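Q: Below is the structure I would like to discuss, written out as structure tokens.
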Amino acid sequence: MVQNGWQHTLDMAALSPAKFREIAADGGWTDTTDDICYGYAQANLVAVPEANALEFMLFCFHNQRACPMLDVTEPGSPHPLMVAPQADLRHDLPQYRIWKDGQVVAEPVDATVYWRDDLVSFLLGCSQTFEQSLKAAGVQFRRLGCFTSTIQCTPVGSFKGGIAVSGRLFQGMQDVMRAIQISSRLPSAHGAPLHIGDPRTIGIEDMSKPDLVAYPKAVIAEADETALWWACGITPQTVARAARLPYMITHYPGKMFITDRLSEQFAVL
């Protein structure tokens, strides 16, 4: 894939996070961040008004599998000082979602005009971080997409509902076990799977039809494949929709913020 002169191959994987954010800020990359800046932790963005920030922080604290916090900004500040102090969350992601009263009202590639002085930004760990670790270890998998599950969040105030999960198919028990081991080392990227096997036990009737994030071609499981299900950073978007949060800015699914921190810096040794 080529976008504005950049190939979605080795040259994107080898970029520094700062260089990639510069490209994204200039509108030079609006695709997903799969395999971008290889080895660096990626993050979900959730920016909420200060009036809702404490409640949301408590929700993240009580739901760390779905919402592992990497950084939290001061009200109004677009600079995540812990993970990328020179970055600007207003325009350094490929694409955003703007939410009002629980509904998406815009999906811009630059959120500057939507920014507010009372926004507190949360950067939450992302499974695309451990996907890079799986690939580095030679573990093969196929993505199923993201689904709403019946596994319930720990409710905090108006934030409650089913945890969003991302599914992946693995062929053979060796890759299943390696995937569990590798992801378990990265609790900041959702950690170990929440569920293994039959998706119907977590409320997913057809894993070829994801309701939150789908891929262009439906994925049908083969007889020798096992499905693993991880908590997903889209959970805040689903619970905020249900809570009808008055205002929120998030990343567009799959188009993440790339931090300056190596994923191994977050790993459990």
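The values are calculated or read from the model by the stated rules, or taken from the named source; none is laboratory data. Here the structure is a predicted model, which is why all the values come from computation and not from measurement. All Cβ positions, glycine included, derive from the backbone under ideal geometry; neighbour counts span all protein chains shown.
Q: Name the residues in the stretch 125-140 that are crowded, with 19+ Cβ neighbours inside 10 Å and either in contact with an Asp or Glu (Cβ under 9 Å, 6 or more places away or on another chain) or more than 30 Å from Glu264 (Cβ to Cβ) (or both), would you?
A: Hits for the stretch 125-140 are Gln128, Glu131, Gln132, Ser133, Leu134, Val139.
Q: What are the residue pairs meeting all of these: first residue in the stretch 200-214, first residue surrounded by fewer than 16 Cβ atoms within 10 Å (Cβ to Cβ), second residue polar (S, T, N, Q) and outside any helix (DSSP H, G or I), Cβ atoms under 7 Å, and 6 or more apart or on different chains?
A: Gly203/Ser149; Gly203/Thr150; Asp211/Thr148
Q: Quick one: in the stretch 225-254, of everything that is surrounded by fewer than 24 Cβ atoms within 10 Å (Cβ to Cβ) and within 21 Å of Leu15 (Cβ to Cβ), which residue is nearest to the chain's Cα centre (by Cα)?
A: Filtering first and then ranking leaves Gly254.
Q: Tell me whether the stretch 197-216 contains one or more residues that are of a type in the set (Phe, Trp, Tyr) and outside any strand (DSSP E or B).
A: yes
Q: Going by what's in this entry, would Leu144 be described as buried (at least 22 other Cβ atoms within 10 Å of the Cβ), in a strand (DSSP E or B) and assigned by TED's automatic domain parsing to the domain that holds His79?
A: no
Q: Something else now. Give me the pairs: first residue in the stretch 100-111 and in the same structural domain as Arg241 (by TED's automatic domain parsing) and farther than 15 Å from Gln237 by Cβ, second residue of a type in the set (S, T, N, Q) and part of a loop (DSSP other than H, G, I, E, B), beta-carbon distance under 8 Å, and six or more apart or on different chains, which are they?
A: Within 8 Å, the pairs are Pro108/Gln95; Val109/Thr30; Val109/Gln95.
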